[in-house]
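Read the figures in this text as sums done on the coordinates, not as results from a lab. The shown structure was predicted, so the numbers you read here are calculated from the model rather than taken from an experiment. FYI the Cβ positions are ideal-geometry reconstructions off the backbone, even for glycines, and counts take in every protein chain you see.
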Amino acid sequence: MTPLEELRHSASHVLATALLRVFPEAKLDIGPPTDTGFYYDIDLDHKLTAEDLVKIEAEMKKVSDENQPFLRKEVSREEAAEIIRSRGQERYKLGRLADIPEGEKISFYQNGEFMDLCAGTHVRYTSKVKAFRLLSIAGAYHRGSEKNKQLQRIYGTAFPTKEELAQHLEQAEQAKLRDHRKLGRDLRLFVIDEDVGQGLILWTPNGAIIRQELQTFISEELRKQGYSQVFTPHIGKLELYKISGHFPYYKDSQFTPMVENESLAKILREGCSCAEMVVRLDAVSSKLAAEVNARTGTESIAADRIRPDEQLLEGFMLKPMNCPHHIKIFASQPHSYRDLPVRLAEFGTVYRWEQSGELNGMTRVRGFTQDDAHLFCTEDQLPAEVLGCLSLVKVVLTTLGMSDYRVRVGLRDPDSNKYTGLKENWDKAEAACRDAAKTLGVAFTEEPGEAAFYGPKIDFMVKDVIGREWQLGTVQVDYNLPVRFDLTYGGADNQPHRPVMIHRAPFGSMERFCGVLIEHFGGDFPLWLSPEQVRLVPVSEKTIEYGRELLGLLRAAGVRASLDEHNDKLGAKIRRAEIEKVPYTLVLGGKEAEARSVSVRSRARGDDGTVPFDQFLARVQEEIRTRSLPEKKKTA
Ligand SMILES: [Zn+2]
Ligand SMILES: [Zn+2]
């Protein structure tokens, strides 16, 4: 455990100590540290409330003040069971004891009257646990399985100092206000409908505008870098993914394949069992196995997967990634070295199976659109192409005000054999990634063991305005798929050569990126991304006509505007525009109509004076064209 984990885990013991003082009948399960704090799972008939947490927290304070030492005691398995029983904690703790492998040490930690089965480690005294807070209560199934009883999980956090705790709580408060699920609903950006399915995002008109603007932005950058746009379908034949290796190895993270009607009817007639059907779905023909194994030079497809042709099932998969489709486009015509690099880009929608407990708004979903591209190049071109991909990610992040990031270069683990391909290719690919990262001018770390199985990769870890880190853009070098699909180009020597592939996605996925952007901007999007850019607010009926005229002019100029024709008071109209986070509100009174001017209220600056309409229009057009970042709000 790191020192911080040790502190937080100790805090969970302090929590359990306090809890048993308040609720002696509680049955304890486990209390590990987490990335942001700690929790303890308990079984208690009484349903814990916020008031209970206050009471428990006050008791924790006492336990801390009592300055109890944490004492370790090693015991035999029999003694351990005896201690657990004597404390009335056999319901879950005996099971946890049974989890400890034979031959491993069994230990308890004691502080004051409390004693817990635990491998450790802990801080030395309970007084070290002084900056803590209980945060919430949630339901959690024992051992994470819905078949088991649902327990109550008490979440808390702890830090070495009160200042760090306060800072963390402030950040959490900010995060709550910026929660993309809440803002997404308030600003009508997206919905998730149970009837459509969990983890499937419905982009509503406002959200669709943001996505469209982002896609336009990135498409412009792609054209500058010489990419070609392609479109491919959402499904592909099962066999395609057997060649690529995505099926059946990544089965658990994919939707179940669709079996063709005729194949299905045939196996039903044969009375084929479900188990047999699964085996046949995974199976390949001897021809395919021989081809792929010859190309890769190893037994990539094991002999036990081979079945006679008449037993094979035809089927389709929702595509889990876009690479095989793009590879087929590349392979559809011969290439000379003079044609390379070929850069194929697509906003390609893919589907992955995530456990329902893992789903979270837009940031963890089951269907998402990657801003994907695959580059096919010669080895000599690799360094320059990796660099091009990195500069693209950099442009994207800078434009969106996410300039606080670090770069992680994932390399192979020298002691592992899970990586495919030749050592010299790996050396070249890793050197290309490392050299490219060096030129970025930002801190980067090399992390052995973080490479994909087919090649090294570069990830961007981006900090948002409240200091949280997100993994966004990624660039990966791949020597593996060109082999599996037998891709070639004609070299200067007139011989066929293998191209190298790069997979890259600056945003990652549109869904996740938009979720992060909503939180990053707290809903105050830059003008170019704002679903509504200008709101026209007539002071009275008399200026509605003037408002309509300006609305027409704004729309003709490509500015997203609306006219508030409601009968409310002016103040209410302005307030509504503020709540809806419209960047500019134009107040139109009689004087303004006469002088063809507008009284501007800016989201950032508040009252921003009266200017001729033409001048205002030119200003917003420039702000949109340059994709300016929003100004910091004036704080009152
Ligand atoms: Zn412990
Ligand atoms: Zn790919």
Order 510-516, 524-530 from most to least packed using the mean count of other Cβ atoms within 10 Å. 510-516, 524-530
Stretched out fully, how many nm does the piece from Arg619 to Lys73 gain, at 0.36 nm a residue minus the Cα gap? 189.3 nm
Rounded to the nearest angstrom and ordered from largest down, what semi-axes does the equivalent ellipsoid of segment 200-246 get from its C-alpha gyration tensor (root of 5λ)? 28, 20, 8
For segment 29-161, shape from the Cα gyration tensor axes a ≥ b ≥ c, cut at a/c of 1.5 then a/b versus b/c, turns out oblate
Residues in segment 587-613 reached by a label modelled at Ala556 [backbone nitrogen below 15 Å; 7 Å Cα→Cβ]: 613
With -39,500 (n - 2.57) per DSSP H segment of 4 or more residues and division by the full residue count of the chain, the 222 nm estimate, nearest 500 deg cm²/dmol, is -11500 deg cm²/dmol
How many times 2.2 N^0.38 Å is the alpha carbon radius of gyration of the chain? 1.17
Of every Cα-Cα pair in segment 216-296, the percent that sits beyond 17 Å: 63
Rounded to a whole number, the Stokes-Einstein D of segment 122-270 in µm²/s (Kirkwood radius over Cα pairs; 25 °C; 0.890 mPa s) is 111
Reciprocal of mean inverse Cα separation for segment 363-443 (Kirkwood radius, Å): 15.0
Quick one: check the C-alpha center-to-center distance for segment 475-512 versus segment 80-159, whole angstrom. 49
Calculated P(r) of segment 317-369 - Cα pairs past 13 Å, %: 67
May I ask what percent, to the nearest 5, of DSSP beta bridges between residues of the chain are antiparallel? 85
Could you size up the charge dipole of the chain around its Cα centre, putting +1 on the beta carbon of Lys and Arg and -1 on that of Asp and Glu, and report it in debye to the nearest 20? 1060
Based on the Cβ-Cβ distance of Glu170 and Asp608, what FRET efficiency does E = 1/(1 + (r/R0)^6) give at R0 = 25 Å, to the nearest 0.05? 0.25
FRET efficiency (Val191, Asp99; Cβ distance; R0 30 Å; to 0.05) is 0.10
Lys/Arg +1, Asp/Glu -1 at C-beta; segment 30-185 dipole; positive extreme among Ala58, Ile83, Leu135: Leu135
Using 7 Å Cα-to-Cβ label points, what is the Thr256/Arg269 separation (nm, one decimal)? 2.3
Based on the Kirkwood radius over alpha-carbon pairs, what value in µm²/s does the Stokes-Einstein equation return for the translational diffusion coefficient of segment 564-620 at 37 °C and 0.692 mPa s? 278
Among the DSSP beta bridges whose two residues both lie in segment 450-588, what percent are antiparallel, rounded to the nearest 5? 65
If you bin every alpha carbon distance in segment 313-420 into 10 Å steps from zero, what whole percent lands in each bin? 10, 26, 39, 22, 3
State the antiparallel share, in %, of DSSP beta bridges confined to segment 203-362, rounding to the nearest 5. 60
Describe numerically, in nm with one decimal, the distance between label points set 7 Å from Cα along Cα→Cβ at Arg295 and at Asp524. 5.3
Under a point spin-label approximation (7 Å from Cα along Cα-to-Cβ), what is the Ser403-Thr488 distance to one decimal in nm? 4.9
Please list 3J(HN,Hα) in residue order for segment 503-509, calculated via the Karplus relation 6.51 cos²θ - 1.76 cosθ + 1.60 where θ = phi - 60°; whole Hz, with x for glycine and proline. 9, 8, 8, x, 8, x, 9
Length-normalised contact order of the chain, Cα under 8 Å, at least 6 apart, in percent, tallies to 10
Links exceeding 20 Å between C-alpha atoms in this model, out of Lys394/Lys581; Lys224/Lys394; Lys242/Lys423; Lys27/Lys128; Lys105/Lys128; Lys242/Lys319, come to Lys394/Lys581; Lys242/Lys423; Lys27/Lys128; Lys105/Lys128
So what are the ³J(HN,Hα) numbers for segment 590-597, from phi and the Karplus equation (6.51, -1.76, 1.60; θ = phi - 60°), rounded to whole Hz, Gly and Pro as x? x, 4, 4, 4, 5, 8, 6, 10
Cross-link partners of Lys182 among aspartates and glutamates (Cα-Cα below 16 Å; sequence separation of 8 or more within a chain): Glu173, Asp193, Glu511, Glu519, Asp524, Glu580
According to the Kirkwood expression over distinct Cα-Cα pairs, how big is the hydrodynamic radius of segment 532-636, in Å? 13.8
Based on the alpha-carbon gyration tensor of segment 184-334 and its eigenvalue square roots a ≥ b ≥ c, which shape applies: rounded if a/c is under 1.5, prolate if not and a/b is larger than b/c, or oblate? oblate
Within segment 504-636: Cβ-based charge dipole about Cα centre, in debye rounded to nearest 20 (Lys, Arg +1; Asp, Glu -1): 360
Counting only backbone N atoms under 12 Å from a point 7 Å out along Cα-to-Cβ of Ser86, the residues of segment 111-151 in range are 115
Under Karplus coefficients 6.51, -1.76 and 1.60, residue-wise ³J(HN,Hα) of segment 115-131 in Hz, glycine/proline x: 9, 9, 5, 6, 7, x, 9, 9, 6, 7, 9, 4, 5, 5, 8, 10, 9
What's the extension gain from Ile466 to Asn360 if we count 0.36 nm per residue and subtract their Cα-Cα distance? 36.2 nm
For segment 597-636, diffusion coefficient by Stokes-Einstein and Kirkwood Rh (Cα), 37 °C, 0.692 mPa s, µm²/s: 298
Rounded to whole Å and sorted largest first, list the principal axis extents of the Cα atoms in segment 151-200. 46, 32, 13
Find which of Ala593, Ala577, Leu551 sits farthest along the positive direction of the dipole of segment 493-636, computed with +1 on the beta-carbon of Lys and Arg, -1 on that of Asp and Glu, about the Cα centre. Ala577
Farthest toward positive dipole pole in the chain [+1 Lys/Arg, -1 Asp/Glu at C-beta], among Gln174, Pro482, Ser12: Gln174
Compute the signed sum of charges (Lys and Arg +1, Asp and Glu -1) over the other residues within less than 15 Å, Cβ to Cβ, of Glu447. -2
Over every pair of different alpha-carbon atoms in segment 508-553, take the mean of 1/r and invert it; report that Kirkwood radius in Å. 13.1
